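In what follows, a structure is listed as structure tokens, so that the remarks can point back to it.
The values are calculated or read from the model by the stated rules, or taken from the named source; none is laboratory data. Note that the structure is predicted; figures quoted are calculated from it, not measured. Heads up: the accessible areas ignore ligands, DNA and RNA and are worked out on the full protein's heavy atoms, side chains in. Shrake-Rupley method; radii C 1.70, N 1.55, O 1.52, S 1.80 Å.
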Amino acid sequence: MEHYELTEEKKMNCYEHTLITKQDLQENQAKNLISKYEEIIKKNEGKVLKTEEWGLRNFSHKIKNNKKGFYF
């Protein structure tokens, strides 16, 4: 009979977040906003594995008189 040694790993849940900004947000403002949220996650012992920019998308309903938003 074979014996396998189990190593103790610290496992963490993975979470996915979607951030939506106003459509008229400037590129440098968007980068600053993403950096801010990444720092909050890192400060709380989290890791950002990947960041995606989905671009400008239409809302199914207006949100505060906005029809579109920029998705991250």
Requested in this report: Enter the per residue convex hull volume of the stretch 26-72, computed from alpha-carbon coordinates, in Å³ rounded to the nearest integer.
Outcome: 101 Å³
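Roughly speaking, to the nearest percent, how much of the stretch 29-72's 1.4 Å accessible area is carbon and sulfur? It would help to have the intermediate numbers written out before the result.
On the way: 1930 of 3960 Å².
The C+S portion of the solvent-accessible surface of the stretch 29-72 is 49 percent.
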